[in-house]
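First the structure, in the form of structure tokens, and then the observations on it.
Readers should treat all values here as calculations from the given coordinates under stated rules, not as data from a laboratory. From a predicted model like this one, the values you see are computed outputs, not experimental measurements. When we count neighbours, we look across all protein chains shown, and the Cβ atoms used for this are built from the backbone with ideal geometry, even at glycine.
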Amino acid sequence: MYRKAFTLVELLVVIGIIALLVALLLPALSKAKSVGQKVACISNQKQLQMAHSIFSDDHGDKILYSSAWKQEKSAPYAWMSGSLNLSKYLNQTRYLESTPLFPYVGKSTGVFKCPADKDLLRITNRAGELQRIFPRHRSYSINIHVGGWSGWPVYEDKEWKIYHKYNEIENPSNIFTFIEMPFEFINAGSFRVVMNEGAPTHKVYDMDVPGNYHIDGTAIAFSDGHVETKRWLDQRTITAQTRFHIDGSNFKYGIRRAYGSVDVKWLKDRSTTKIETMAWRKQKYTWFLWMFNLSRQMRVWNTGPEAARDSYIRKGRRDSWGWYWNDSW
């Protein structure tokens, strides 16, 4: 009497069917995971943008600086001070906890991180031996023109507006705030959009690279509170974070040299607006190169009190660092 059992051929057929089903299901599962990560990222940016605008509501409509070095007097009033420096970062969440927005996001550090950002930092000692591995804590930066670096723009972009108050933003639904950045390029709290034009060899402070975490695109928050996902169209933008450069050169720090890029134009159109010609002419000669290719302006109406902790002195002139003691810019 024979026992009923599968033949080898039948087993192979069953295994083949299972393998086929797995192959069909994996892309769907992967896509579902990607969609879930995008939804979580959009939620994070909505929370950050809401916190950013509520802070302004609580402080006379004033906008936090987009960046500041931690030693600057303006650092306590930047949305994010310091920099994600690979050699010195050392898993420090203190930059997140010191931002003025921290209480406004429920003191949650997770809101600063895109779930699709899987970058791991590897810390070694002087002998090159691995000491620690841990995830980076921040995936987002903010448009440099929303607040400015300690209130100021890139040196060559002085004729473009830096928004210091929300009521200065003419079209809030068209000016972006928070944006994802790839781990190779994210450092300070601001995302640099260089507005002036020039050929690929034009020597300007180069533009930052946007994130590419969500099917060749990124989530971007806008000053009116909405968040959208932008899919990049130029291959130089899509491959920037994997190639470390975008035009075949060894210049690896930005996408400014992606000349004629539709993605660069899209970002420029949503970063800021130009100062009126007559207003610009009146203030043209009050600017000077400050530091790291950033520009400062001496303003005769904003000299500040003698003992002001945020004062800046140049050629005998005393000038204010920013909005937190004086409403004038």
(message) Kirkwood hydrodynamic radius, computed over distinct alpha-carbon pairs, for region 65-175: how many Å, to one decimal?
(response) 15.9
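If we sort 281-293, 123-135, 60-72, 95-107 on the protection proxy, mean other Cβ atoms within 10 Å, highest first, what's the order? Before the final figure, lay out each step's value.
Values: 281-293: 12.5, 123-135: 9.2, 60-72: 21.1, 95-107: 16.6.
Sorting 281-293, 123-135, 60-72, 95-107 by mean packing, highest first, produces 60-72, 95-107, 281-293, 123-135.
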